[in-house]
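Presented below is the structure to which this report refers.
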Amino acid sequence: MFKVKLMIALLAYCTPIAFAQAIDAGAPPATQPAAVQTHGTLVHVSGNVMLGMVEHKTMPFYPDEAMKKGVQGDVIFGINVDQNGKIVLAAPVQGDPLLTAASMDALRTFRFRPYLLNNVAVGVETRLGYHFSVEKNGDGINAHVECMTSIPDRPEFHTLVVDDKSALVVDPHKVSGPEPQLPVELADKSGSVYLKIVIGEDGKVKEVDTVGGDEPFVEPVISAVKQTVYEPRLIDGKPTVSTTEASYHFGSRQ
């Protein structure tokens, strides 16, 4: 008899620091400045930030058929969240149909704290995703589902939004740069680093601030980030200085 062992990994990846909003569940979200990007009545917020504002969620069940066939990979959605923190639109952007269906079921359970703009709750547009992986282990199968905190940049993922001055805005994205090189003593260690990065008009990193994480990993991560080159933020086609968030995770998160 075929034995299937399912392990849903609710990893630390699902609870990143929310850079733009307070993460204390007992406190109201922080008010956002008027310069935040908006599209009609929607504010564009990164998926990493929105994961930090989750009040309730369930993880997708790994479909048996997908496990037995070894189907794995990323499932990514573009979502709209209303003023009450409920997902009102979820459009699949990438993913296997079986995994997408399972993910859609899980998304229906998500609830976020309201996102406040100038002390007024507003709707949000963002991206959320899951990473499915499966591994055969003896007479069984280990299946894992993780929230994605870093969604690979591709042209179709670019969000074109209009700010409060009716200017077309395109977010910055990474063009090139090295991966962090960890010293030998950290090779088998687990850790995370959360950063706030200021990107200049030329796409080069001007400033890096550590928001949180594990101290031994901070220096090699910052060293790599400072060598990263971005396509700068564009407002009506003109490059401008911008601030973005990034997180790095090492080792097993189980």
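If you average the C-alpha positions of the range 111-142 and of the range 187-249 separately, how far apart do those two centres end up, in angstrom?
22
Extending each Cα 7 Å along its Cβ direction at Ala121 and Ser190, get the distance between those two points in nm, one decimal.
Simple spin-label model gives 3.5 nm for this pair.
What length, rounded to one decimal in nm, is gained on full extension from Thr58 through to Lys86, with 0.36 nm per residue of separation minus their alpha-carbon distance? Each step should come with its number before you reach the end.
Values: separation 28, 0.36 × 28 = 10.08 nm, distance 1.41 nm.
Full-extension gain reported as 8.7 nm.
At 0.36 nm per residue, and after removing the present C-alpha to C-alpha distance, how many nm does the segment from Glu201 to Ser223 gain when stretched out fully?
On the way: separation 22, 0.36 × 22 = 7.92 nm, distance 2.05 nm.
Between Glu201 and Ser223, full extension yields 5.9 nm more.
Every read-out reported here was derived from the displayed coordinates using simple, explicitly stated rules and does not represent laboratory data. Note that this is a predicted model, so its numbers are computed, not measured. Reconstructed Cβ throughout: ideal geometry from the backbone, glycine too, with neighbour counts over all protein chains shown.
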